[in-house]
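One structure below.
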Amino acid sequence: MRPKQSRYMNKNLIPKDAAEQFDVEGLKAMVSELLDEAGRQGASAAEVGGNLASGLSVTVRKGEVETIEHNRDKGMGVTVYFGQRKGSASTTEFSSGAVKSTVRAACDIARYTAEDPCHGLAPEELMATEIPDLDLFHPWGLNPERAITLARECEKAALEADPRISNSEGGAVNSHAGFYVYGNSHGFLGAYPTTRHSISCAVIAGEGGEMQRDYWYSTARNAELLEPVESVGHRAAERTVQRLNGRRLSTRQVPVVFSAEIANSLLSHFVSAVRGGALYRKSSFLVDHLGKQIFPGFVHIYEQPHLKGALGSAPFDNEGVVTRQRDLVRDGVLQSYVLDNYSACKLGMQTTGNAGGVHNLTIAPGSGGEHASEDLSLQGLLKQMDQGLLITELMGQGVRLITGDYSRGAAGFWVEGGEIRYPVEEITVAGNLRDMFARLVMVGNDVDLRSNMRTGSWLVEQMTIAGE
């Protein structure tokens, strides 16, 4: 059951610094050993996923070091199939004995589970055959002393930005690198390294007996693309001070702008609603909506899994299926679901290469109809709204996917004449995701690239604000 040596696994295609940092050949050999052992123990098919990871995290508060953490993690998971029975087990021990006992545990589970016609590997013809260089590995070479210095500089910039900044929750610097490998009994064996670095700061401001907290952060695959530490600190301070002297609003129905860093949660709710698991369980408000209009005609939502250096890029999914750029929504119409092999089988469809999630899901900036505008900046969205609420923070988990009902605590700013007038707090924003999607007026070009959901700010035509 050993996977064939594929051309994309040629070690010359693994960055030299990644090969030096991780035991690439050893990890591949263990995947092969696990697959062989599964065959010896009677499995008709098997798949193995493993990773190695290392990192450094430093936190400083009021100039003093609070934490220094080094981590080195490793893990390997094996899933075996006896016909259409399935069993899974994992190990963090890579010895030969651990390999055998892990496979034995998975096989024991599989022998006693019920058959499921949808259990099995993704189709062999969908496996990735080439691994493009996605520029995902950029080790920082950061030592604790340098990380402490950067964290202090970030926090210092925030504390000195405004006299109303009275306290700090700390500045933090993180640097992590990992190597992922996946193989299965189709003969697939693929691997790639990644890095992720971040700088963050959270501070507290006080005025007239009132206190407010806010934060900012920057994250990237390549440390050279991080915002300067001083900018992160200044932004954290600015956001915190802006929240002082917040007011409550009376209950009303108004247009709402979700700032870019908040709008990505709306995109995430959309993904959850079109994910295979929710669909075959009939627990989504978008069941049977394929080919139907769910957004206005200007809306285009698509995956970009091969963007170089992006946080959500991947050459294949967690089942070895090749990732491809594709539309989920075009002209406002739902074009595709988000499926792994199991959920696709349950729905009588084919996997979309989304085992493990979506890859750089993007909603294109735009507007349409009577609201069409060339100014898609955040300020342009506020001018289009004229009067309403700008939301910069959401709290709570009040989203019911089966109905689309939406109700969350919120904070932000009241807008009049297209300009921010004062901060607001202790309010609730409520509606239904079906209506919110249909009433999307504009998507800004202030795209937040710090997550796997890439979106600008959203202007939604009308929602209920509950306050005093």
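Of all residues in region 146-169, those satisfying the criterion of being touching a residue at least 12 places away in the same chain (Cβ under 8 Å), acidic (Asp, Glu) and not in a helix (DSSP H, G or I) are Asp162, Glu169. Listed by position, the strands (runs of 3 or more DSSP E) contained in region 31-119 that have at least 3 residues being among the small types (Gly, Ala, Ser) are 45-61, 85-91.
For region 81-94, check the following and say yes or no: at least one residue is over 25 Å from Gly353 (Cα atoms) and either outside the structural domain of Glu238 (by TED's automatic domain parsing) or basic (Lys, Arg) (or both). Scanning region 81-94 turns up no residue that is over 25 Å from Gly353 (Cα atoms) and either outside the structural domain of Glu238 (by TED's automatic domain parsing) or basic (Lys, Arg) (or both). Number of residues in region 265-304 that are in a helix (DSSP H, G or I), among the aliphatic types (A, V, I, L, M) and closer than 24 Å to Lys346 by Cβ: the value is 4. Checked across region 259-273, the condition of being in contact with a helix residue (DSSP H, G or I) (Cβ under 8 Å, 6 or more places away or on another chain), more than 30 Å from Phe413 (Cα to Cα) and in the same structural domain as Thr352 (by TED's automatic domain parsing) holds for no residue.
The residue pairs whose first member lies in region 247-264 and is outside any helix (DSSP H, G or I), whose second member is of a type in the set (Ser, Thr, Tyr), and whose beta carbons are closer than 7 Å, counting only pairs six or more residues apart or on different chains, are Arg247/Tyr422; Gln253/Thr464; Val257/Ser457; Phe258/Ser457; Ser259/Thr392; Ser259/Ser457. Checked against the criterion of being in contact (Cβ under 8 Å) with a residue 12 or more places away in the chain and touching a Ser or Thr at 6+ places or on another chain (Cβ under 7 Å), the candidates Gly83, Gly63 yield just one match: Gly83.
Scanning region 408-461 for residues that are in contact (Cβ under 8 Å) with a residue 40 or more places away in the chain, over 25 Å from Gly368 (Cβ atoms) and among the polar types (S, T, N, Q) turns up Ser451, Asn452. Residues in region 90-112 that are of a type outside the set (Lys, Arg), over 32 Å from the mean Cα position of the chain (by Cα) and within 12 Å of Ala43 (Cβ to Cβ): Cys107, Asp108.
Taking the conditions (1) over 26 Å from the mean Cα position of the chain (by Cα); (2) among the polar types (S, T, N, Q); (3) at pLDDT below 90 in turn, Gln21 satisfies each one other than (1). Counting residues in region 279-299 that are in contact with a Lys or Arg (Cβ under 7 Å, 6 or more places away or on another chain), over 30 Å from Ile165 (Cβ atoms) and not hydrophobic (A, V, I, L, M, F, W, C) gives one or more. When region 232-242 is filtered for residues that are of a type outside the set (Lys, Arg) and free of Cβ contacts under 8 Å to residues at least 60 places away in the same chain, nothing remains.
On the given criteria, is Ser175 touching a Lys or Arg at 6+ places or on another chain (Cβ under 7 Å), buried (at least 19 other Cβ atoms within 10 Å of the Cβ) and farther than 22 Å from Gly356 by Cβ? Judged against the criteria, Ser175 is not a match. Pairs linking a residue in region 7-24 that is of a type in the set (Val, Ile, Thr) to a residue that is surrounded by fewer than 18 Cβ atoms within 10 Å (Cβ to Cβ) and modelled with pLDDT under 70, with Cβ atoms under 7 Å and 6 or more positions apart or on different chains, are Val24/Lys11.
Scanning region 143-155 turns up at least one residue that is within 23 Å of Gln21 (Cα to Cα), basic (Lys, Arg), in the same structural domain as Ala220 (by TED's automatic domain parsing) and at pLDDT 95 or above. If you check Ser451, Ser457 for being modelled with pLDDT under 95, closer than 24 Å to Phe298 by Cα and either surrounded by fewer than 23 Cβ atoms within 10 Å (Cβ to Cβ) or of a type outside the set (Phe, Trp, Tyr) (or both), only one passes: Ser451.
Of all positions in region 8-17, none carries a residue that is surrounded by fewer than 13 Cβ atoms within 10 Å (Cβ to Cβ), at pLDDT 95 or above and either farther than 30 Å from Ser200 by Cβ or not polar (S, T, N, Q) (or both).
The values are calculated or read from the model by the stated rules, or taken from the named source; none is laboratory data. None of these values were measured; they are calculated from a predicted model. Glycine also receives a Cβ, built like all others from the backbone with ideal geometry; neighbour counts cover every protein chain displayed.
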